[in-house]
Amino acid sequence: MKTMMSMRPLRNLRIRGLYAITPDSQNTNDLLDGTQQALTGGAQVIQYRNKSADKVLRKEQAGLLLQLCRQHEIPLIINDHIELAIEIGADGVHVGRDDISISTARKLLPPGKIIGASCYNNLESALEAEKQGADYVAFGAFYPSTTKPDAIPVSINLVNQARQIITKPIVGIGGIRLINAAVVIQNGCDAIAVCGDLFQAENIKVRAAQYARLFAGKL
């Protein structure tokens, strides 16, 4: 049984390992079941991202996911919707180029919350994100992505460059599958963000465990 201490908000965590991004789903039970499997298999971060849900469904799903993540002592990050993150007490937010600024998000969020930033293929954006107070930066897409087919392609060499000057964790995203994930990790990414290849797997728990093993000795 989890103690009350373990059910408190998770703060000041360093992003590492398998970073699972939830798929668009109207079926909350399926979403929870898939996320439970991902957590059991070894996911170290869950990001709630649902572009197809309305405000009511997003709040319901995010609240239930937060409870589930608390049970596993794993942080829940909300994509884009900072007001939702604040309302349910999530562990942080992930913002993109067209979302609220990192500095504004830091002012709005309670102390210690996690802020991640999409930096696409731009090293200068990552440096600025770090300067504004981001806790991690994300580069991608490294490979063609079914989730974001129009995503800007990124060379793996960018991670090598970023690793020399960025002190915050680096997350690789975009088209990452089990067959190519090791390359992204070996070139300097602290975490890999996966959606389709994880949640569409025949056995999500097994697939998550396969990803987790790629980080053996690094967590």
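Worth a mention:
- Members of the range 58-91 that are β-branched (Val, Ile, Thr) and either in contact with a His (Cβ under 9 Å, 6 or more places away or on another chain) or within 15 Å of Ile102 (Cα to Cα) (or both): Ile77, Ile78, Ile82, Ile86
- Boolean, Asn180 is at pLDDT 95 or above and among the polar types (S, T, N, Q): yes
- Applying the condition of being in contact with a strand residue (DSSP E or B) (Cβ under 9 Å, 6 or more places away or on another chain) and open to solvent by 40 Å² or more (accessible area, probe 1.4 Å) to the range 1-34 and asking which residue is modelled with the highest pLDDT yields Arg16.
- Of the residues Ala134, Ala181, the single one that is touching a Lys or Arg at 6+ places or on another chain (Cβ under 7 Å), open to solvent by less than 20 Å² (accessible area, probe 1.4 Å) and among the aliphatic types (A, V, I, L, M) is Ala134.
- Some residue of the range 114-134 being without any contact (Cβ under 8 Å) to a residue 40 or more places away in the chain, of a type in the set (Asp, Glu), under 24 Å from Lys168 (Cβ atoms) and in contact with an Asp or Glu (Cβ under 9 Å, 6 or more places away or on another chain): no
- Subset of the range 97-131 [in a loop (DSSP other than H, G, I, E, B) and open to solvent by less than 40 Å² (accessible area, probe 1.4 Å)]: Leu109, Gly112, Lys113
- The number of residues in the range 35-81 being of a type in the set (Ser, Thr, Tyr) and surrounded by 19 or more Cβ atoms within 10 Å (Cβ to Cβ) comes to 2.
- Yes/no for Gly34 being in contact with a Phe, Trp or Tyr (Cβ under 6 Å, 6 or more places away or on another chain) and assigned to a helix (DSSP H, G or I): yes
- Set Val171, Val154, Val159, Val194: member being in contact with an Asp or Glu (Cβ under 9 Å, 6 or more places away or on another chain) and either surrounded by 19 or more Cβ atoms within 10 Å (Cβ to Cβ) or among the polar types (S, T, N, Q) (or both): Val171
The values are calculated or read from the model by the stated rules, or taken from the named source; none is laboratory data. Small disclaimer: the values here were computed from a predicted structure and weren't measured. Here Cβ is always computed from backbone atoms with ideal geometry, including for glycine, and neighbour counts include all displayed protein chains. Keep in mind that these areas ignore ligands, DNA and RNA; they rest on the heavy atoms of the full protein, side chains included. Shrake-Rupley method; radii C 1.70, N 1.55, O 1.52, S 1.80 Å.
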